[in-house]
Amino acid sequence: MEIIKRNPKAFMMAVAMHLVLIFFLVVGVDWLEDPKVGRPPVNVIQAKVISEDKVAAEAQQIKQEQEKEKAKKQAEKTKAEQELSELKKKQEAEKLHLADLEKKRKEEAKKQEEAKTKAEAEKKELADLEQKRKKAEEDKKTEKRRQAELDRKLREEEIRRQHEQELQNSLAAEQNARSAEQNDRAFNAFGAAVEDLVTRNWLRPPGTGTGLKCTLQVRVSTTGTVLGVQVVQGSGNEAFDRSAEAAVVKSDPFPPPPPGLNDIDFIFDPDNQ
């Protein structure tokens, strides 16, 4: 069937030829004799019939022969392709071998050139090192002289700086002592003024005895305005403590405090003012 599909015309022609032969064998036509009038004699003709099995067998044989021919051509083609592939591989290997040899030759030439360049560079480096060594010796001598001169100047500068520092320390100590004394006087004066002012504005609560005192903390602004007041250590008598806070609020504003003084802690003891 595969042969019939590939060669339908040849198959049809073969079948047609076989049918024509069968027809002539059955009919018995003689093209050499003239037709005779009358009833021809009846002759028994032996007809040979070709069966479909035989046709199929012949077709199968043709198919097998074509298959063998095709396989033979395919084998020859495969062999030729293998030989061509082997030849290409050999050519490629030879090409790679030649390229490798050329690469090695170039690398060897490069190494020789690098070795030559390196030798020249080492020779030049040795000459430069010798020149640098001589220059370093000269620089070392010069540096030694310069260092000695610098050390002398540094010693002189250090002595001068020590004298100046001692003088500045002495002046600063005197200034600090004067500032501390002034601050103490200012703080004492401010504290005395605040205590006197708060005492004069204080009203003793009814029923409180003498000898009571409490510690107040008052926050003031730079202008003396009272920003807040609280009892940090009470007297044990709440009415007395509240009266002390009220006296501070009533004394607002205080005199301007000394610089840096914002929180004032003082003991309110009206009986010992």
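Readers should treat all values here as calculations from the given coordinates under stated rules, not as data from a laboratory. This is a predicted model, so every value here is computed, not measured. For neighbour counting, all protein chains shown are included, and Cβ atoms are generated from backbone atoms with ideal geometry for every residue, glycine included.
Any residue at all in the stretch 255-262 that's of a type in the set (Gly, Ala, Ser) and in a loop (DSSP other than H, G, I, E, B)?
Yes.
Are any residues in the stretch 166-188 within 14 Å of Gly260 (Cα to Cα) and free of Cβ contacts under 8 Å to residues at least 12 places away in the same chain, and if so, which ones?
Ser179, Ala180, Gln182, Asp184
Quick check, is Arg204 charged (D, E, K, R), surrounded by 10 or more Cβ atoms within 10 Å (Cβ to Cβ) and assigned to a helix (DSSP H, G or I)?
no
Inside the stretch 207-233, can you point out the residues that are surrounded by fewer than 11 Cβ atoms within 10 Å (Cβ to Cβ) and in a strand (DSSP E or B)?
Correct list: Val232 only.
Glu238 versus (1) free of Cβ contacts under 8 Å to residues at least 60 places away in the same chain; (2) in contact with a helix residue (DSSP H, G or I) (Cβ under 9 Å, 6 or more places away or on another chain): which is the lone unmet condition?
Every listed condition holds for Glu238 apart from (2).
Filtering the stretch 245-273 down to residues that are hydrophobic (A, V, I, L, M, F, W, C) and in contact with a Lys or Arg (Cβ under 9 Å, 6 or more places away or on another chain), which residue is surrounded by the fewest Cβ atoms within 10 Å (Cβ to Cβ)?
Ile267
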